[in-house]
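Accompanying notes for the structure given below.
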Amino acid sequence: MKIRVLAFLGAAFLLLLGPAGGASAADKVKAVASFSILGDMVRAVGGDRVEVVTLVGPDGDAHVFSPTPADAKTLAAAQIFFVNGLGFEGWMERLEKSSGFKGKAVVASTGVKPLTMKEEEGHHHGEEVEHDHDEHATVGHDEDKVTDPHAWQDLANARIYVANIRDGLIAADPAGKAIYEANADKYLEAIGQEEKAVKAAIATLPPERRKIITSHDAFGYFAAAYGLEIIAPEGVSTESEASAQDVAKIIRQIKEENIPAVFLENVTDHRLLDQIARETGAKIGGTLYSDALSRPDGPAPSYLDMFRHNVGALTSALSS
Ligand code: ZN
């Protein structure tokens, strides 16, 4: 009896491992993505052929990440490394060097038209922002600009990311070309659908209510693409903190311009925005997912879910 049960279990196990299962883990292309949003895009394009490890996981802040020796080991074993670029991952070059990574590095934002911010437009605090190229922009002079790395918050830019991911995977694994192309086409179709939905949802909002406060300036591309005004006390990186003067200025602005809602972010501390909401009477409109996805059981487990969640939160707080 016992033997028969074991034999049955063995057969079931073999069935699970059978040809329908596709490539085994050992055969898969090993990819590393710097953060969860990019990791999800790589999974969508790579499908079953690619095993994706994400360095900065759900709800994590990639601006201030410190890679561990285990991360270096993970990267060393990878064939391909996807990063956002535009100065988002200030820790990337050192990690690449220290890990001895020999694979292909793909900057997913290559070809995106970067948004820059002048000091007067944003709310920066003399922090130095590192760029991919050799120049450093120190905020504090009129002509100085910082590059905004959050290009994924415009779905039109996601098309560029997807094309770069597809081409990177094809270069690393030419045998998978047809699969990567088909997966990318399917994903681009879904991105196009979501883009229509976002535009339609924002169009329902009264123009005078399309103004919000977030803690760091992660939605510049979103604002430019979909017609929203976003004010953030913290600038384009979470590394800088808002000064008391910045906070006082924002509180004045909320009152003068009747800004209806303040939004928390999944990657930043809530205390400052709680204080701003308290002092102005603006309501907390919910939590926006800016630089990271939620955990699988949360409201934004994928890149497209993140847009659905964020736009849902914006429209429910801002519709009159
Ligand atoms: Zn950010």
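The values are calculated or read from the model by the stated rules, or taken from the named source; none is laboratory data. Keep in mind the model is a prediction, meaning the values are calculated, not measured. All Cβ positions, even for glycine, are placed from backbone atoms using ideal geometry, and neighbour counts span all protein chains on display. The area values use the complete protein model at the heavy-atom level, side chains included, leaving out ligands, DNA and RNA. Shrake-Rupley method; radii C 1.70, N 1.55, O 1.52, S 1.80 Å.
Just one of the numbered conditions (1) under 21 Å from Pro114 (Cα atoms); (2) surrounded by fewer than 17 Cβ atoms within 10 Å (Cβ to Cβ) is not true of Asp148; which one? Evaluating Asp148 over (1) under 21 Å from Pro114 (Cα atoms); (2) surrounded by fewer than 17 Cβ atoms within 10 Å (Cβ to Cβ) leaves (2) as the failure.
Scan the stretch 274-286 and give yes if some residue there is in contact with a Phe, Trp or Tyr (Cβ under 8 Å, 6 or more places away or on another chain), within 16 Å of the ligand (Cβ to nearest atom) and either open to solvent by less than 30 Å² (accessible area, probe 1.4 Å) or in contact (Cβ under 8 Å) with a residue 24 or more places away in the chain (or both), otherwise no. Steps first, answer last, please.
Narrowing the stretch 274-286 to residues in contact with a Phe, Trp or Tyr (Cβ under 8 Å, 6 or more places away or on another chain): 284-286.
Within this subset, residues satisfying the condition of being within 16 Å of the ligand (Cβ to nearest atom) are none.
Within the stretch 274-286 (the criterion being in contact with a Phe, Trp or Tyr (Cβ under 8 Å, 6 or more places away or on another chain), within 16 Å of the ligand (Cβ to nearest atom) and either open to solvent by less than 30 Å² (accessible area, probe 1.4 Å) or in contact (Cβ under 8 Å) with a residue 24 or more places away in the chain (or both)), the answer is no, since none of the residues qualifies.
Candidates in the stretch 40-65 are the residues that are within 16 Å of the ligand (Cβ to nearest atom) and among the small types (Gly, Ala, Ser); of these, the one that is surrounded by the most Cβ atoms within 10 Å (Cβ to Cβ) is Ala62. Tell me, please, whether a residue that is hydroxyl-bearing (Ser, Thr, Tyr) and modelled with pLDDT of 90 or more can be found in the stretch 296-310. The answer is yes; a qualifying residue exists. Scanning the stretch 204-250 for residues that are over 22 Å from Ala158 (Cβ atoms), in contact with a Pro (Cβ under 8 Å, 6 or more places away or on another chain) and within 11 Å of the ligand (Cβ to nearest atom) returns a single hit, Ser215. Close Cβ contacts (under 8 Å, 6 or more residues apart or on different chains) running from residues in the stretch 232-249 that are without any contact (Cβ under 8 Å) to a residue 60 or more places away in the chain to residues that are open to solvent by less than 30 Å² (accessible area, probe 1.4 Å) comprise Val247/Pro233; Val247/Ile276. Only residues that are open to solvent by less than 10 Å² (accessible area, probe 1.4 Å), part of a helix (DSSP H, G or I) and in contact with a Pro (Cβ under 8 Å, 6 or more places away or on another chain) were counted in the stretch 293-320, giving 2.
Restricting the stretch 138-171 to residues that are over 29 Å from Val32 (Cα atoms) and of a type outside the set (Val, Ile, Thr) leaves a set whose member that is modelled with the lowest pLDDT is Gly140. Listed by position, the strands (runs of 3 or more DSSP E) enclosed by the stretch 1-118 that each have at least 2 residues that are closer than 23 Å to Leu155 by Cα and at pLDDT below 95 are 115-118. Only one of the numbered conditions (1) surrounded by 20 or more Cβ atoms within 10 Å (Cβ to Cβ); (2) modelled with pLDDT under 95; (3) assigned to a loop (DSSP other than H, G, I, E, B) is not met by Glu135, and that is (1). The set of residues in the stretch 204-262 being open to solvent by 50 Å² or more (accessible area, probe 1.4 Å) and assigned to a loop (DSSP other than H, G, I, E, B) consists of Thr204, Arg210, Glu239, Glu241, Asn258. Tallying residues that are of a type in the set (Val, Ile, Thr) and open to solvent by less than 20 Å² (accessible area, probe 1.4 Å) within the stretch 66-84 yields 2. The residues of the stretch 56-68 that are touching a Phe, Trp or Tyr at 6+ places or on another chain (Cβ under 7 Å) and hydrophobic (A, V, I, L, M, F, W, C), listed by number, are Val56, Ala62, Phe65.
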